[in-house]
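Here, each number is a calculation from the coordinates, and none is a lab measurement. Computed from a predicted structure; not experimentally measured. Positions of Cβ are generated from backbone atoms using ideal geometry, with glycine treated the same way; all protein chains shown enter the neighbour counts.
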């Protein structure tokens, strides 16, 4: 896949997490046009050579009580429409064979993910319906739900239905994603899973002490199982100084009883916090490589799901800056390729159904 253009390494990218469907569905953003309030458009994906993009369908029961299933289906349909609008240049893939075709000159690939199993109601078996609709990656919970505790929640482990869901995902060929899960739930995935798993958009807790990030022990365990973590571009997960300033504002914003005007002021205060420099991305990647090895790390930018980005990253088109950044940080061309696409390509090729 690696090509040399004018002497520069241009490996392409496999990005493991974005929330662009929310911007298209809820804000009316045009996926085919750059600009607007979104980070990702299809022309900018081409510009950065994002070969594979996982599109998260994020549904919270607290936001869509009683209609979680329908909301998830609406988001899936929207991603399918986004791909169709590219007239064959982007397709939603379901199999490892289709994924391999993407890196053999085929169309760019989109992969459907459920961010939170709330649309399943309280029954793990419902995941079969989403598998039939093309979902190939699943985060059990964003907030505590009927399947798992979460990083910002009660730190409870997987429930009985959560354990059943884990088994069903491995049986069907749905990649298990531990981003957002509680430490206790992570440990249960480790002990109960029979296949590798991923953390699509989580950083290193040793560098930025957010409970959303992975500890060194988690990184070693993930890597030892053949898993991959994707670097999240949220400043609050990259830079401890930013996190210390931002988290009190975030917590105040989600607190019950906060008025819309108060939330607006809190957002303005957060936007005034200096954004971290781009080298924080390299620091987290190097730390993950040092702890878990060069096969355990990739990109999962969380674009369109985060309000701010590091300095120098405004849209997905800026992903090209990561290649010289990582080279200057000391990674070899082989290692840069692994981070940019090979590691996630390997594990999804292994875990997706072949046909």
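Taking the chain as a Gaussian network of alpha-carbon nodes connected by springs under 10 Å, the highest mean-square fluctuation of the residues 206, 252, 109 belongs to 252.
Distance between the 7 Å Cα→Cβ label points at residue 271 and residue 206: 3.7 nm.
Who wins for biggest fluctuation among 303, 286, 192 in a Gaussian network model of the chain, springs between alpha carbons below 10 Å? Most flexible of the set in this elastic network: 192.
Counting helices only, and only those DSSP H runs with n ≥ 4, report the 222 nm mean residue ellipticity of the chain as the sum of -39,500 (n - 2.57) divided by its residues, in deg cm²/dmol to the nearest 500.
About -11500 deg cm²/dmol.
The value of relative contact order for region 109-231, using C-alpha pairs under 8 Å at least six residues apart, is 20 percent.
Extension gain for residue 216 to residue 160 (0.36 nm times residue separation, less C-alpha to C-alpha distance): 17.4 nm.
Look at the alpha carbon pairs under 8 Å that are at least 6 residues apart: their mean separation over the length of region 27-113 gives a relative contact order of 30 percent. Of 215, 159, 20, the residue with the greatest mean-square motion in the GNM of the chain, using alpha carbon springs below 10 Å, is 159.
With neighbour counts taken as other beta-carbon atoms within 10 Å, the residues 349, 202 rank, fewest first, as 349, 202.
Dimensions of region 144-187 from C-alpha coordinates, computed as largest minus smallest value along each principal axis and given longest first, are 29, 19, 16 Å.
Taking the inverse of the mean 1/r over every pair of distinct Cα atoms in region 231-355 gives a Kirkwood hydrodynamic radius of 16.2 Å. Of [x] 26, 25, 22; [y] 32, 24, 19; [z] 51, 26, 19, which is the value of semi-axes √(5λ) of the Cα gyration tensor in Å derived from the coordinates here? Recomputing semi-axes √(5λ) of the Cα gyration tensor in Å here picks out [x].
Distance between the modelled labels on residue 320 and residue 184, one decimal in nanometres: 4.8 nm (7 Å Cα→Cβ projection).
Using the count of nearby Cβ atoms within 10 Å as a rough guide to exposure, how do 55, 197 rank from fewest to most? Working shown, then result.
Details: 55 27, 197 22.
Placing the least packed residue first, the sequence is 197, 55.
Across region 297-355, the relative contact order, built from alpha-carbon pairs under 8 Å that are at least six residues apart, equals 49 percent. The modelled label-to-label distance for the pair residue 63/residue 354, using points 7 Å beyond Cα in the direction of Cβ, is 3.9 nm. For residue 247 and residue 26, a Förster radius of 25 Å and the Cβ-Cβ distance give a FRET efficiency of 0.50, rounded to the nearest 0.05.
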